[in-house]
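Structure, as structure tokens:
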Amino acid sequence: MRKIYLLFLCLILITQGLVAQSAGAYEKHAEKSFEAAEYCNALEFSTEALKKDSTKANCINIAAQSAFSLRLFGKSKFYFEQLRACSESANYPEAVYFLAEIHRILGNRAQAITLYQTFIENGQGSAKLIEDARSKIEICSSYDEPSAEDDPCYVGITVKRVPELYTCESELGPFQWQGKVYFTSTEFECKPELQCNANLIVYEYDGYNKNEIKFPDSDGDISHMTFNADGTRMYYNECECERGEGFICAIYYRDWYADNNAWGPKVKLPETVNVPGKTATQPRVGESLENGGERLYYVSNRDGSTGGADDLDIWYVDIVDGQCSEPQNFSLVNTPDKDITPFLDRTTNLFYFSSIGRNGIGGFDIYRIDLGSEEKMNVEILPEPINSVYDDLYFSMGDCKGHFTSNRPEEVEGGVEAESCCLDPNIYEVEWRKQLDMEVTVYEEFDSMSYGNPVLDSYGQPIKVRKPLNGVTVTLNNQNPQTDEYSNAYYYTDVELDTDFEVKGTKIGYTDGYATTTSSGFNCGCSTIKVEIVLKKKAVKLIVFTKEKFGSAAQTDTSYVQGSREYCDVAEYSGATNVSAFLLFNKPIQPINGVYVKLIAWPSDQGITDQTDPNGNRYEFDLEFQKNYYLFASKDNYTGDQTPVFSTDIKTLEAQALSMP
């Protein structure tokens, strides 16, 4: 399939001027073109031969394989089915495999599985294809069809072809910048000696007119224009057609000269990017989330690609002080098959690309990944109607709309337009319904010292640590309460626009958490406001005093143990509530040191902590809010004492453990 995919060009050999030849002569031309990977020529010559002799199995195979390489799956399917039905079908056992591939690519997975199994059972194909067929059966069997219902942002979207950008040829790579749409178009010429019989032209559309962009110092066709964040630099491709190779592209840039109100001279990126003999195409400028600098994404078949020689992968370089860093393979998204047309939406950190190496809807499909999220490995396929069973590529966002290129057939008078040598790719526009959602995430913040493994800052102080907190009641402007005992994330859909919000989180035993946000300015497409609120546990400290009782023994009065109001003394000091529960059996009493004091959680009977102070009678324990505990006190030669403790909404509890002789 070679480099025909570099620009997604299905290039057609115009057959005017062909003189009448014999079927054998056309067959030889077809064989020669196919060996040179000139698939358009091979398809034309083989079909001419079949017009004269429809039984030529070799020509049927060349036509089928060439159409497959050109991604003309309707034609390819027709010829492979002819090949299976002809008398020489035994000589072409791999036709079944390619038919299975076509059905898989077009979304007919059940039929694809049947054909893969037939191919494996026949056992006549290459070992590599047999193994691949087994792998494809697993892929087809595990397919989970994406739905717009999975993401509310895709509910109610509309997709339509943009007639204003139609050029009667192929339109590729739409990119929106400062109210204009830039795209690449192909203009076909009759060049029988070349595979890439087309010129590449960049147009600028301002909403009224299409204007061709030309640079007098360009040596080849230009394509795929893009700009950095402030518009001071333009990146683009210059491409040349090489026999049997298709377009070989290199990336250039031009800086904007404000004094001259014009773009400066072209500068070719270094050979670390533009590797000699390889292509570097489809540049798109994004932002490095690591350092906030400029990052250039592009597509190349350079060495180191995931799928091996000539596989197209997405690569990137960081632009530091105007210079390119060492290229890096964007392995986060690349597959062993072709991964192309990168685009990073700077406003959302969503990275879009197209691939045929994933279990998609069919053909090239558009995927996205949120580079700003913690779950960076979650690659998502965009649902229908953005994706289709045909090739969908070059997705980009800007000016509140999305654009992409697809070769899907359009509805025309009399039905769906028929597949010609190539379904010309056209530009489509995506419009979202205006919707603003809010995602609220709740965390608990605590001092790392509290959990026994303190993390200290440069000043030796324990740093604050956060962890997800479930079971919080969240409200927006004291309305629409939500509580989830199993999650710390809360979602509000279709929140009111142009409104200020106070987001509040409450939970028993925690201080309230607050955050403020606004929906002003969020009136374009589908957006999500992300809000975080933080709660802290309320502090409950138990203070225990141990005292000795003199006099005759007495029975413990449980009403006193429970803290009867008659024997409680409540005093306010230092902004805290101090509760003292005095257990008075006989007088007099006096402090006693060296008592063993143990606190356990009840009813789990799990020991929390124990203390002994030979020189004091005061002990402190940290409690969790609103939990039951039991407090035990003992000392040799003394009768022990115990009391239940319930941590309520107060800052300090005082209890007295009495040890009796």
For segment 190-334, the dipole about the Cα centre with charges only on Cβ (Lys and Arg +1, Asp and Glu -1), to the nearest 20 debye, works out at 260
With +1 on the Cβ of every Lys and Arg and -1 on the Cβ of every Asp and Glu, the dipole magnitude of segment 214-295 about its Cα centre, in debye rounded to the nearest 20, is 100
Calc'd 3J(HN,Hα), segment 615-629, phi into Karplus 6.51 cos²θ - 1.76 cosθ + 1.60 (θ = phi - 60°), Hz, glycine/Pro = x, comes to 10, x, 10, 10, 10, 10, 9, 8, 10, 7, 5, 6, 10, 8, 9
Taking only C-alpha positions in segment 352-401, Rg and Dmax in angstrom work out to 11.3, 32
Output for segment 196-292: GluC sites (Glu not before Pro) sitting in coil per DSSP, at most 13 other Cβ within 10 Å, listed by number, reads GLU271, GLU290
In the structure shown, of LYS467/LYS530; LYS536/LYS598; LYS210/LYS278; LYS541/LYS627; LYS467/LYS537; LYS401/LYS504, the pairs separated by more than 24 angstrom at the C-alpha atoms are LYS536/LYS598; LYS210/LYS278; LYS401/LYS504
Counting only residues 5 or more apart in sequence or on a different chain, those whose built amide H sits under 5 Å from that of SER487 are GLY471
Expressed as a percent, the portion of alpha-carbon pairs in segment 34-130 spaced more than 17 Å apart is 50
Cα-based Rg and Dmax for segment 262-379, in Å, come out at 14.4, 45
Candidate cut points under trypsin sites (Lys or Arg not before Pro) in segment 227-292, DSSP loop plus at most 13 other Cβ atoms within 10 Å of their own Cβ, are ARG243
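Values in this text are rule-based calculations from the coordinates and carry no lab data. Everything numeric here is computed off the predicted structure, so don't read it as measured data. For neighbour counting, all protein chains shown are included, and Cβ atoms are generated from backbone atoms with ideal geometry for every residue, glycine included.
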